[in-house]
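Peer 1: What follows is a single structure, and I will ask about it in a moment.
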Amino acid sequence: MFTLPTYHAPNFDKEPLASAPDARVAVVEADGVAPEGFHSTSMYPEYVKVAGTWLLAKRSRMDASIVVDSANGEPELRVVENRNLKRGDRVVLGRTEGGEDGIYVHVTGFSEPSRTDEGSDGANDEDDKFVFRQGRSRETSFARDYDHLYDLLRHEREHGKLVWVMGPAFSFDADARRAMQLMVENGYVDGILAGNALATHDLEASVFHTALGQDIYTQHSVRNGHYHHLDVINRVRRAGGIETFVRKNDITDGIMASCVRRGVPFVLTGSIRDDGPLPEVIGDAYDAQSAMREMVSGATTLICLATMLHTIAAGNMTPSYTVTDDGTVRPVYLYTVDISEFVVNKLLDRGSLSATTLVTNVQDFITIVAKGLGLM
């Protein structure tokens, strides 16, 4: 049975936090420009001392500022990207993280107390200084990761918000596309972040059973197949959007059709190489970033699949925790899956230290997950 780890809040009655000063703030003088010495957020829970009380930033992300607001006369913290700061905002200052500036970054909130296995010498595996296979590579055994993921997904379907960050690989394989459709239809998807290609080739498969002109099962190229995705984009644009196109043509198979019929939201962000694009694709990079941030807000699990730039973007705007409506602080789970070790390690290098990485073909991954959940 899956259970969430318990969050252990800092002891603010113990030094040095007990005597820590209130955090300093400075007023923003120009839109989009933070005051000198602003504090930049991390992925961890961060507390700021305001008027003698330690407050937690409930909705955070990396590389942003903390604004002190007042709601109903009570101070609260708001994490804001510097480009979105407004003149008059009161921004927290300080470059320390241990309470010296009234700022405390809590990195061990979900850590379990250390335990030592009983034995004749009290030693355990953690005492070994030299061990093999501590990295995450294509040779790693991921069996336990899959089992944990099945339990997590079942829990999150009932209690969380599951967001999938997807590259177009799913559209190119019949089984993978079917598996992801079943994930949507069975409630394991609360939102999708992707680009123009995933949606375009998924809809191409719905209409022509091809992706980039190749049959999604046999992989055989069909005559004039290179027109298929362009024809689909044109038809969707003529219809005015994906939902209208799906409903008008009574499309029932595929990822996008399942999202439309189940009411699952999606954010499609643009690229300079896009064909078309589809009407829903957001072409402005900063508007796209804001839409992605809105989607991941409150997410409890993100699963990022074969899309390096979308994965890094989503990982950087996703904290390691979230605060539920009842005030509970719980972890946010982040998975990144790619056939390239470089890609999964890239996310770790960007500071998303809570990510679980799997090096595998994402088409195989999603069919394994769907079968493990009993959907296929």
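The values are calculated or read from the model by the stated rules, or taken from the named source; none is laboratory data. All of these numbers come straight from a predicted model, not from anything done at the bench. Ideal geometry is used to build each Cβ from the backbone, glycine not excepted, and the neighbour counts take in all protein chains shown. With ligands, DNA and RNA removed, areas are computed over all heavy atoms of the protein, side chains included. Shrake-Rupley method; radii C 1.70, N 1.55, O 1.52, S 1.80 Å.
Peer 1: Summarise the accessible area of region 18-84 (1.4 Å probe, protein heavy atoms) by the percent that is carbon and sulfur. Numbers along the way, then the final one.
Peer 2: Details: 1530 of 3190 Å².
Accessible surface attributable to carbon and sulfur in region 18-84 totals 48 percent.
Peer 1: Counting heavy atoms of the protein chains only and a 1.4 Å probe, report the per residue accessible area for region 1-80 as a whole number of Å².
Peer 2: Details: 4320 Å² over 80 residues.
Computed with neighbouring chains in place, this is 54 Å² per residue.
Peer 1: Run lengths n ≥ 4 of DSSP H only: what is the helix-derived mean residue ellipticity at 222 nm for the chain, with -39500 (n - 2.57) per run over all residues, to the nearest 500? Walk me through the numbers before you get to the answer.
Peer 2: On the way: 10 runs with 110 residues, N = 376.
Rounded to the nearest 500, it is -9000 deg cm²/dmol.
Peer 1: Okay, next question. Expressed as a whole percentage, what fraction of the accessible surface of region 265-321 belongs to carbon and sulfur atoms when a 1.4 Å probe is rolled over the protein heavy atoms?
Peer 2: Details: 1230 of 2280 Å².
On region 265-321, the fraction of accessible area on carbon and sulfur atoms equals 54 percent.
Peer 1: Another one. Checking the cross-link filter: which aspartates and glutamates have an alpha carbon closer than 18 Å to that of LYS49, excluding same-chain neighbours under 8 positions apart?
Peer 2: ASP13, GLU15, ASP22, ASP69, GLU74, GLU76, ASP89, GLU97, GLU100, ASP101
Peer 1: Here is a follow-up. Suppose we take every Cα in the chain and form the convex hull; what volume per residue is that in Å³?
Peer 2: Numbers: hull volume 67.0 nm³, N = 376.
Looking at the chain, the number lands at 178 Å³ per residue.
Peer 1: Right, another one. On full extension of the chain, what length is gained from TYR286 through ARG273, given 0.36 nm per residue of separation minus the C-alpha to C-alpha distance? Mind dumping the intermediate values first?
Peer 2: Values: separation 13, 0.36 × 13 = 4.68 nm, distance 1.73 nm.
Result for the pair: 3.0 nm of gain on full extension.
Peer 1: Using a Förster distance of 41 angstrom, determine the FRET efficiency expected from the C-beta separation of ASP325 and GLU36, and round it to 0.05.
Peer 2: Details: r = 37 Å, r/R0 = 0.90.
Rounded to the nearest 0.05, the efficiency is 0.65.
Peer 1: Also: Over the C-alpha atoms of region 269-339, what are the Rg and the largest Cα-to-Cα span, Dmax, in Å?
Peer 2: 14.1, 45
Peer 1: Give, to the nearest whole percent, the P(r) tail of region 151-193 beyond 14 angstrom, counting all Cα pairs. Before the final figure, lay out the partial values.
Peer 2: On the way: 449 of 903 pairs.
Percent of Cα pairs beyond 14 Å in region 151-193: 50.
Peer 1: Can you tell me the 0 to 90 degree angle between the C-alpha axis of helix 196-208 and the longest principal axis of the chain, rounded to 10?
Peer 2: It works out to around 30 degrees.
Peer 1: Each label point is 7 Å from the Cα along the Cα-to-Cβ direction; what then is the distance between the points at THR108 and ALA51, in nm?
Peer 2: Distance between the two pseudo-spin positions: 3.2 nm.
Peer 1: Hey, how many Å between the Cα centroid of region 318-347 and the Cα centroid of region 37-79?
Peer 2: That distance is 20 Å.
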